[in-house]
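Here the structure comes first, spelled out in structure tokens, and everything after it is commentary.
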Amino acid sequence: MYDVEGNLRQIRAELPQGVQLVAISKYHPNEYIEAAYAQGQRVFGESHEQELKQKHQTLPKDIVWHFIGHLQTNKVKYIAPYINMVEAVDSERLLLEIDKQAAKCSRVIDVLLELHIAEESTKYGLTLDACRQLLAEGVWRQLKHVRICGLMMMASFTDDREQIRREFTIAADFFDEVKQQYFADAPWFCERSWGMSDDYPIALACRSTMVRIGTRIFGPRVY
Ligand SMILES: *Cc1c(COP(=O)(O)O)cnc(C)c1O
């Protein structure tokens, strides 16, 4: 196993106060999560419903689970009873389904809207205009069982650090735009989830409040 303890200590030392670390544990076995848990880590991110279910059932109940991957609407009902945050809401349809399933569980589920800013066409997420449109239409205002807490995005997979910085900056500016326009009176709308193992220092410089780090903590994933 990687030096989970040492890696966590190093990363935490680099994070400004108030920035949350989501330890991305997808494809790693329980013992890796337990090693991080023993160091006080409580927030973990997973991207597959089945794997998450298995881990949720067998690991400590005070773990805070974030769903970070693309979530199919037909899978929402399985995670709705216990998921703490769905980070990658990329359609109104998904938002409505989360609200519906959360209502059945008498819960309110925190969500982030996922932006598509990266150049790759394979990445999920709302374009800025699609996100503007979703917010302008206002259906979300009626939803009592989801709470929109901010924005999430992934930068392009590239060595061009300037491009990555540009993309994070676009996301940060867009956050200010929608915060002012729709969430000025919503203190819970405060999260900017960007930054992964290879780009989180740039993300922090671009006002990230939530970094999602896997490889730098746990080592490479075995698929
Ligand atoms: C896998 C994944 C991460 C973590 O990636 P690392 O490079 O291992 O830090 C972060 N965010 C999302 C959405 C992911 O799918």
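The table below gives the values:
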quantity: GNM top mover of V111, V22, V64 - the chain, alpha-carbon springs below 10 Å; calculated: V64
quantity: Unit charges on C-beta of K, R, D, E only; dipole of the chain, Debye; calculated: 780
quantity: Hydrodynamic radius (Kirkwood) for the stretch 1-156, which is based on Cα pairs only, to one decimal in Å; calculated: 16.6
quantity: Distant-in-sequence amide H partners of E191 (H built 1.01 Å from N, under 5 Å); calculated: G150, L151
quantity: Formal net charge of residues neighbouring T58 (Cβ-Cβ distance under 15 Å; K, R +1; D, E -1); calculated: -2
quantity: Within a Gaussian network of the chain (alpha carbon springs, distance under 10 Å), most fluctuating of N74, N30, N84; calculated: N74
quantity: The stretch 100-144: proportion of alpha-carbon pairs further apart than 16 angstrom, %; calculated: 53
quantity: Net +/- balance of residues flanking L126 in space, Cβ distance below 10 Å, scoring K and R +1, D and E -1; calculated: -3
quantity: Highest-MSF residue in the chain out of L134, L112, L151 [GNM, Cα springs under 10 Å]; calculated: L134
quantity: The stretch 144-223: relative contact order in percent, alpha carbon pairs under 8 Å with at least 6 residues between; calculated: 31
quantity: Pairwise centroid distance, computed over Cα atoms, of the stretch 108-128 with the stretch 182-223, Å; calculated: 13
quantity: Greater than 30 Å apart at Cα, pairs in K100/K179; K61/K179; K55/K144; calculated: K61/K179
quantity: Sorted by Cβ neighbour density within 10 Å, fewest at the top, the residues W65, W194; calculated: W65, W194
quantity: Computed lengthening from V108 to E92, 0.36 nm per intervening residue step minus Cα-Cα distance; calculated: 4.1 nm
quantity: Mean ellipticity per residue at 222 nm, deg cm²/dmol - from DSSP H runs of n ≥ 4 across the chain, formula -39500 (n - 2.57); calculated: -11500 deg cm²/dmol
quantity: For L126, residues with placed amide H under 5 Å, excluding near neighbours; calculated: E114, L115, H116
quantity: Listed residue (L204, F189, T158) projecting farthest to the positive dipole end of the stretch 138-223, Cβ model; calculated: F189
quantity: Amide proton proximity set for I109, modelled H, under 5 Å, gap of 5+; calculated: V146, R147
quantity: Relative contact order (%) - the stretch 72-202, alpha-carbon pairs under 8 angstrom, separation at least six; calculated: 23
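No value in this document is a laboratory result; all are computed from the given coordinates. Since we're looking at a predicted model, the values are computed, not measured. When we count neighbours, we look across all protein chains shown, and the Cβ atoms used for this are built from the backbone with ideal geometry, even at glycine.
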